[in-house]
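Scroll down for the structure; my scribbles are underneath it.
The values are calculated or read from the model by the stated rules, or taken from the named source; none is laboratory data. As the structure is a prediction and not an experimental result, all values here were calculated from the model. Don't worry about glycine lacking a Cβ; one is built from the backbone with ideal geometry, like all the others, and counts go over all protein chains shown. Accessible surface areas use protein heavy atoms only, side chains included; no ligands, DNA or RNA. Shrake-Rupley method; radii C 1.70, N 1.55, O 1.52, S 1.80 Å.
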Amino acid sequence: MATEPLLMARGLVKRYGRVTALDHADFDLYPGEILAVIGDNGAGKSSLIKAISGAVRPDEGEIRLEGQPINFHSPMEARKAGIETVYQNLALSPALSIADNMFLGREIRKPGFMGKVMRKLDHSAMEKMARQKLTELGLMTIQNINQAVETLSGGQRQGVAVARAAAFGSKVIILDEPTAALGVKESRRVLELILDVRSRGIPIVLISHNMPHVFEVADRIHIHRLGRRLTVINPKEYTMSDAVAFMTGAKSVPTEPVAA
Amino acid sequence: MATEPLLMARGLVKRYGRVTALDHADFDLYPGEILAVIGDNGAGKSSLIKAISGAVRPDEGEIRLEGQPINFHSPMEARKAGIETVYQNLALSPALSIADNMFLGREIRKPGFMGKVMRKLDHSAMEKMARQKLTELGLMTIQNINQAVETLSGGQRQGVAVARAAAFGSKVIILDEPTAALGVKESRRVLELILDVRSRGIPIVLISHNMPHVFEVADRIHIHRLGRRLTVINPKEYTMSDAVAFMTGAKSVPTEPVAA
Amino acid sequence: MSEPTAASPHHDYEKVLKDSSTDVASFDTDDKSFLQKFRHFLHSSPSAVSLIVLVLSLVIFGALLGTKFFSAFSLTLILQQVAITGIVGAAQTLVIMTAGIDLSVGAIMVLSSVVMGQFVFRYGLPVELAILCGFAVGAICGFINGWLVARMKLPPFIVTLGMWQIVLATNFLYSANETIRAQEIETTAPLLQLFGDTFRIGGAVFTYGVIAMVLLVAFLWYVLNHTPWGRHLYAVGDDPEAAELSGVNVKRMLISVYVLSGIICALAGWALIGRIGSVSPTAGQFANIESITAVVIGGISLFGGRGSVLGMMFGALIVGVFSLGLRLLGTDVQWTYLLIGVLIIVAVAIDQWIRKAAG
Amino acid sequence: MSEPTAASPHHDYEKVLKDSSTDVASFDTDDKSFLQKFRHFLHSSPSAVSLIVLVLSLVIFGALLGTKFFSAFSLTLILQQVAITGIVGAAQTLVIMTAGIDLSVGAIMVLSSVVMGQFVFRYGLPVELAILCGFAVGAICGFINGWLVARMKLPPFIVTLGMWQIVLATNFLYSANETIRAQEIETTAPLLQLFGDTFRIGGAVFTYGVIAMVLLVAFLWYVLNHTPWGRHLYAVGDDPEAAELSGVNVKRMLISVYVLSGIICALAGWALIGRIGSVSPTAGQFANIESITAVVIGGISLFGGRGSVLGMMFGALIVGVFSLGLRLLGTDVQWTYLLIGVLIIVAVAIDQWIRKAAG
Amino acid sequence: ADVSACLITKTDTNPFFVKMKEGATAKAKELGVNLKSYAGKIDGDSESQVAAIETCIADGAKGILIAASDTKGIVPNVKKARDAGLLVIALDTPLEPIDSADMTFATDNLLAGKLIGQWAKETLGDKAADAKVAFLDLTPSQPSVDVLRDQGFMMGFGIDPKDPNKIGDEDDKRVVGHDITNGNEEGGRTAMENLLQKDPTINVVHTINEPAAAGAYEALKAVGREKDVLIVSVDGGCPGVKNVADGVIGATSQQYPLQMAALGIEAIKKFADSGEKPKPTEGKNFFDTGVTLVTDKPVSGVKSIDTKEGLGKCWG
Ligand SMILES: Nc1ncnc2c1ncn2[C@@H]1O[C@H](COP(=O)(O)OP(=O)(O)OP(=O)(O)O)[C@@H](O)[C@H]1O
Ligand SMILES: Nc1ncnc2c1ncn2[C@@H]1O[C@H](COP(=O)(O)OP(=O)(O)OP(=O)(O)O)[C@@H](O)[C@H]1O
Ligand SMILES: OC[C@H]1O[C@](O)(CO)[C@@H](O)[C@@H]1O
Ligand SMILES: [Mg+2]
Ligand SMILES: [Mg+2]
């Protein structure tokens, strides 16, 4: 991949009082690839993608999308620019139903006068589509599609968030530990979904602690350590043991140019 | 194990409006064992352990601890009876510090007059102990022990909850997906911790979606499906594939007596 | 998306998944009894509970007082007495749904009514224009509230507490506390008294103010439940951060809510002229506490994101029923106050109890 | 616990973990500048921000009014004027920390003071006993509030709104609206006026009421930050469900908070006799709104779990400074109210701004 | 101006006090007195008045004019001011005991009540014997003006008030009931509606003040009874007198706030200049600023003026 990165960040710094979450971190995502981001708990992975997707504003550093410097003030702007994110804390509205959550900000309205002038929602269309997306993810234990999200099990909730991101295909999809709470079957479906999205040409950022999954789907692996990018490796050239050794500091990284 | 179960439940039912979370579920935990509970997302695993630990009250069914029927009105009562639980949603107070959370309800007070009469907390003792417990779990990225829990990364938070349960050894420890958000290193430490606790003679209930981990540490595996116990298997007699096939309904269970 | 398109799973055990069950879970609910259907109904329509409490209190006072209370006339009188609170309560509902609170509703209402009146009588504006100006004033006050809450991130309690004092003082400074008498309004600008006009259906007496309240509540019910804006409002109140992350423009929502609240308060101001006949700067002192009470009795959470505007209306009516009922029972004013205090608590307790039983 | 004791990991890659780094993460913070140290200070002591706003407002009014304002006498007068609000605010702080609200504080305060007075003058009880009875009444009212909130799970707003009316009406019914005059108290039961007694240090005039407020706030600061009960209070306000699951007896905590709040209100009632000299059943109508204002200006979240009781005291003082300052400036009452409205908002805005800058 | 004075009113919302303030300000300007005015937030807000007194002392004022919200409770603070050498004059509402202030300039509120009571009785003639009377009072705490007017009306009308210091203890069948209005239109309307519901045959209404009377009228109008019910009130503000002319109110007892204020300022000025304190009206323990019945339907035995004359003397 000698092309230009689609999404690029250089020297990102984010401090919270006495805590340093990002310490001059770099980041590159190339078109059409699956980039995995791995690292210890608290290494700064979530902070990195929050900075990229406009959810927090970095103290220093610059971000470029398709070569253009960007400066998102809110996740909405990032989304408008085509960056769709599933945050680790899921960002669902607890009291709203599954369907309401999936379509928040992109509601389907009734056709004709009722929808255009009266702005009436098409509840049944949204419910149908929500049920379909959940079935695609294998979430068969959800009995009532109008259940409030706060009453869902941990994994069901995560499924809803992932289904939402997948349903609204866009320029980049960022998934922060999308399978952490998922069961065996549901996790597998998410992996399939990721591959499916890539086959539509959309690049994906996947944060995960699951090494077999990472090595199964990733094209490149960004290893994050102590708030910065330690290195990027090609999963075909390194073993899982290498990756884990790098990310935990058990082994130091060979000084070679970053894989691209 | 022909002994009596330490903790036993029969015919537990829990309904939420139109949703059935537990549908006549049974449960047995024997002294000194590690019992894994596996099942699809939404199968009712968390509901089961919430019923057992007093966090929700079942609509039907009975629970016995050491042969005696019990009827907890609150998690506190369960805790007093020696059942320590890490809930899936972690049950931490977001605005309180790590140390405050770890010692909530079991604070260390200063020695002498200040502690006894003035009830003064020994902040430094608690901070020291909290740091030590986190180090044991390999959570080395926590920079500031007085950080509010809400500012921790997903995995760091989970680490705090697990460290708390482990620190206060008791009669039964229940862990609901304790490693879901944890990194490779941190997960491994939790597994070590679990084995360590068993070696102290304390039985553990471990809910997890991670089959290799489950098969590595469990003595018996309780498979939950659609709100009830489908079967209990011995990990030495079945493969991971069998377990996954049972729990997802891909294969039906041979009609044999439940393993004990 | 059906089979993996590229890599194959690392773990063997994942291969068995292709055979896994694909039915959506369902259970024999044996939910056929009337009671259980009723429970579901209560569960899915939160305002039904306040309605039950309302009906209960009507029945009790009806039994105690007979036709003196249980007449078309008395019952519609209650409607008239709560119309203003109901309208202001609608504004309050919107704000409280966002986890805010609006202490300035009463002040905005009065300032708007004073502007409507003074613009006719002091500056000789046509009454329609004066009314529009009143609405504009309401909207501006609401906008300032909303801007301070959304942009400056100040707590709504403080913002609207400050605005309450500011608007009241502005009102007094502007109007010099002059009352415009009913008789003058009647001859010069009867449109100002529109909402006080009545029509009868049998013994029942309705004012247009009552109709305005009912239509407003129905309209807001529709907006909250059947339009994107309504869903966004719930989301913002529920968890603003999550709403922001899922793509709701939280700031714009908040500002629009406070502006709308201001406009509704102006409507209440107009209705107030109808009710008291005159334009008086001293009215509406307790509108904020009364509207908040209606909202809370109606089962709407002060922490935002939950509840129904219908509940608010029932809440207002419950207080209205108690007040009139107790006065008719002839209790001393002090005893009335005491009993209203008790009954507010009891009403909410019954509400909670029904919700729990329906759980 | 160091090496796995039994099984060995399924995955090879986990074997490398034994070499992983064991240092706690640390970064070059280059936080050596004064500014940054100051930021950390603000960050770690939330009440410092309100203190800064307080000092700023003192300086501004001092500059405008000179020695008329900036004298020991005037400054201690402010303390006297806010003492009651500060004491009631302490009660309010506790309740708000639990994500509750107490609208009945003022009513409880007045009822307690009436009981203290009437028990001496109507029943001839020894004054010490009458005072104890006043405290008991406060505690009972608080207990009822707490019981309804904790056991019946009713919203605090409604419970205390109801109690407010009930206590107020009880008070009027019981006292028959009789004021006990200062002269009578002075001769028969001077202990009731204790907190009104003054002592001087130079030009500064302190009442024991002021001392009571300061000691109470200091005591609560200690309790909240340095005892288990205090930590539990924060936990309950933060997330009651999480607190319950981690083993805090949430119901008992809530009840104890409301009881304590009732007792503090009784103390305020005693101090009130000192301040106004007499026992008057109509006092304290705004105590609830004023105490909530002090709490919120002091940076305490109405959603519970966050803030410091010191902040509340500074919040009360900020309002006191504005009020006296504006009155001394001789602005018209309405302008004073308007400006107090503006200044309340500005004070909180500055507070937010400093917090953000310190972020 | 080196003489400074304070005016402390109950509220700044009641036109009565607005006028009082205007009168005081005008007089102060004329005499070169430096006047600062304060007011409570609502009727009954005594704490604001206490704080105002303290401010006046700190400010070095020579005298205070106060319309007290809590007529007994404020006494110790008034004493503090007097001890500090200030002249304290009660306006409109006497303190209890009345000599707690250096002097009181007020309407004779009992007389104001008696006048409208007598007028109503005479107007009804024989029908007074089986009249149905509603009382629209002020606030639940029964402040002195409220009690004096309410019980004064009863005395004038021929109802035994029982304890004249207490509202609500009378047992005359003609009394339908009491309700409170907070002295404004909204409260007046609701209270009237409630009492009408209790007894739809009400034909006489006593109101604490004219805003309350205007509200009561709206309630009567809504049920078509505005023509056959007598409303009486106290105040004599311009809107109120116009309401008498329009037949909304039958008769009102007019009071003179501008005069109270002007006299008060003069007294402080005089006190500052010469140390001389004002004297009460002959035979009374306060300075009576006068009260006049305003009606267009005079009755024999009760002195009154018509609305044209009333408009000439009205305020607000
Ligand atoms: N709002 C905040 N305030 C203070 N510290 C914070 C905040 N957010 C994150 N941090 C700190 O920043 C560091 C990086 O956190 P981050 O969430 O990015 O880690 P992560 O790599 O995503 O970890 P995990 O794998 O556990 O999700 C952590 O030490 C965390 O405690
Ligand atoms: N409070 C509630 N109200 C309504 N439904 C609920 C509630 N709590 C749980 N449920 C439902 O009960 C079922 C079982 O949930 P539970 O949390 O026990 O699943 P789980 O097996 O722990 O799943 P996971 O692996 O995803 O954590 C789910 O369908 C869930 O939606
Ligand atoms: O609110 C009561 C007050 O109202 C007045 O009648 C003026 O309208 C005053 O004389 C009285 O003090
Ligand atoms: Mg993370
Ligand atoms: Mg679960």
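Details
- Hey, A:VAL244 open to solvent by less than 40 Å² (accessible area, probe 1.4 Å), away from chain D (no Cβ under 14 Å) and of a type outside the set (Lys, Arg) or not: no
- Residues of the stretch C:154-185 that are aliphatic (A, V, I, L, M) and at positive phi: C:ALA176 alone.
- Residue match in the stretch A:166-179 (condition: assigned to a helix (DSSP H, G or I) and surrounded by fewer than 22 Cβ atoms within 10 Å (Cβ to Cβ)): yes
- Residue satisfying condition, being away from every other protein chain (no Cβ under 12 Å) and within 16 Å of ligand 2 (Cβ to nearest atom), within set B:ALA91, B:ALA36: B:ALA36
- A:LEU48 satisfies every condition listed in (1) more than 12 Å from ligand 1 (Cβ to nearest atom); (2) within 15 Å of the chain's Cα centre (by Cα); (3) at pLDDT 95 or above except (1).
- Selection of first residues in the stretch C:344-355 that are more than 9 Å from chain D (Cβ to nearest Cβ) and modelled with pLDDT of 80 or more and of second residues that are assigned to a helix (DSSP H, G or I) and open to solvent by less than 20 Å² (accessible area, probe 1.4 Å), restricted to Cβ pairs under 7 Å at least 6 apart or on distinct chains, gives the following pairs, ordered by first then second residue: C:ILE350/C:VAL53.
- Candidates are the residues of the stretch D:1-48 that are assigned to a loop (DSSP other than H, G, I, E, B), within 30 Å of D:GLN352 (Cβ to Cβ) and facing chain A (nearest Cβ under 10 Å); the one that is modelled with the highest pLDDT is D:PHE27.
- Of the strands (runs of 3 or more DSSP E) that lie entirely inside the stretch E:1-106, those containing 1 or more residues that are under 24 Å from E:ASN165 (Cα atoms), away from chain D (no Cβ under 11 Å) and away from ligand 1 (no atom under 16 Å from the Cβ) span E:63-66, E:87-91, E:103-106.
- Note on the stretch E:4-53: residues that are β-branched (Val, Ile, Thr), surrounded by 20 or more Cβ atoms within 10 Å (Cβ to Cβ) and away from ligand 3 (no atom under 11 Å from the Cβ) amount to 4.
- Scanning the stretch D:79-100 for residues that are surrounded by 24 or more Cβ atoms within 10 Å (Cβ to Cβ) and under 30 Å from D:GLU178 (Cα atoms) yields D:GLN81, D:VAL82, D:ALA83, D:ILE84, D:THR85, D:GLY86, D:ILE87, D:VAL88, D:GLY89, D:ALA90, D:ALA91, D:GLN92.
- Check on B:ASP176, more than 15 Å from ligand 1 (Cβ to nearest atom) and within 13 Å of chain A (Cβ to nearest Cβ): yes
So that you can scan it fast, the table gives a plain yes or no per residue for (1) at pLDDT 95 or above; (2) under 30 Å from D:ILE185 (Cα atoms):
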| residue | (1), (2) |
| --- | --- |
| D:ARG231 | no, no |
| D:GLU241 | no, no |
| D:LEU245 | no, no |
| D:ASN249 | no, no |
| D:GLY262 | yes, yes |
| D:CYS265 | yes, yes |
| D:GLY277 | no, yes |
| D:ILE289 | no, yes |
| D:VAL295 | no, no |
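- Condition met for C:TYR174 (farther than 30 Å from C:LYS251 by Cα and within 14 Å of chain D (Cβ to nearest Cβ)): yes
- Across the stretch E:132-170, the number of residues qualifying as open to solvent by 30 Å² or more (accessible area, probe 1.4 Å) and within 23 Å of E:ARG225 (Cβ to Cβ) comes to 1.
- If only residues of the stretch B:180-212 that are of a type in the set (Ser, Thr, Tyr) and away from ligand 2 (no atom under 16 Å from the Cβ) are counted, the one that is surrounded by the fewest Cβ atoms within 10 Å (Cβ to Cβ) is B:SER199.
- Some residue of the stretch E:116-129 being under 16 Å from the mean Cα position of the chain (by Cα), under 15 Å from E:PRO164 (Cβ atoms) and open to solvent by 10 Å² or more (accessible area, probe 1.4 Å): no
- Cβ-Cβ under 8 Å pairs, at least 6 apart or on other chains, the stretch A:193-206 side under 22 Å from A:GLU66 (Cβ atoms), far side of a type in the set (Val, Ile, Thr) and open to solvent by 20 Å² or more (accessible area, probe 1.4 Å): A:SER199/C:THR5
- Being modelled with pLDDT under 95, within 13 Å of ligand 3 (Cβ to nearest atom) and more than 21 Å from D:THR179 (Cα to Cα) is a property that E:ASP126 lacks.
Yes/no per residue for (1) open to solvent by less than 20 Å² (accessible area, probe 1.4 Å); (2) part of a helix (DSSP H, G or I); (3) more than 14 Å from chain E (Cβ to nearest Cβ):
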{"residue": "D:GLU241", "(1), (2), (3)": "no, yes, yes"}
{"residue": "D:GLU244", "(1), (2), (3)": "no, yes, yes"}
{"residue": "D:MET253", "(1), (2), (3)": "yes, yes, yes"}
{"residue": "D:VAL257", "(1), (2), (3)": "yes, yes, yes"}
{"residue": "D:LEU260", "(1), (2), (3)": "no, yes, yes"}
{"residue": "D:ILE264", "(1), (2), (3)": "yes, yes, yes"}
{"residue": "D:ALA268", "(1), (2), (3)": "yes, yes, no"}
{"residue": "D:ILE273", "(1), (2), (3)": "yes, yes, no"}
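- For A:VAL160: the one exception among (1) within 14 Å of chain B (Cβ to nearest Cβ); (2) surrounded by fewer than 21 Cβ atoms within 10 Å (Cβ to Cβ): (2)
- Given (1) open to solvent by less than 40 Å² (accessible area, probe 1.4 Å); (2) within 14 Å of chain A (Cβ to nearest Cβ); (3) touching a residue at least 12 places away in the same chain (Cβ under 8 Å), number of the condition C:VAL223 does not satisfy: (3)
- Residue within the stretch D:286-296 that is in a helix (DSSP H, G or I), acidic (Asp, Glu) and open to solvent by 10 Å² or more (accessible area, probe 1.4 Å) present: yes
- The lone exception for C:PHE135 - which of (1) under 29 Å from C:ASP197 (Cβ atoms); (2) open to solvent by less than 30 Å² (accessible area, probe 1.4 Å); (3) among the aromatic types (Phe, Trp, Tyr) it fails: (2)
- Residue that is open to solvent by 30 Å² or more (accessible area, probe 1.4 Å), within 14 Å of chain C (Cβ to nearest Cβ) and touching a helix residue (DSSP H, G or I) at 6+ places or on another chain (Cβ under 8 Å), where the choices are E:ALA245, E:ALA214: E:ALA245
- Among the candidates C:THR207, C:THR198, residue that is surrounded by fewer than 21 Cβ atoms within 10 Å (Cβ to Cβ) and more than 27 Å from D:VAL348 (Cβ to Cβ): C:THR198
- Scanning the stretch B:51-82 for residues that are in contact with a helix residue (DSSP H, G or I) (Cβ under 9 Å, 6 or more places away or on another chain) and either within 16 Å of ligand 4 (Cβ to nearest atom) or of a type in the set (Lys, Arg) (or both) yields a single hit, B:ARG57.
- Here E:ALA251 does not qualify as under 30 Å from C:TYR208 (Cβ atoms) and either within 16 Å of ligand 1 (Cβ to nearest atom) or aliphatic (A, V, I, L, M) (or both).
- Sole residue being open to solvent by 20 Å² or more (accessible area, probe 1.4 Å) and more than 16 Å from ligand 5 (Cβ to nearest atom), chosen from E:ALA90, E:ALA84, E:ALA61, E:ALA101: E:ALA84
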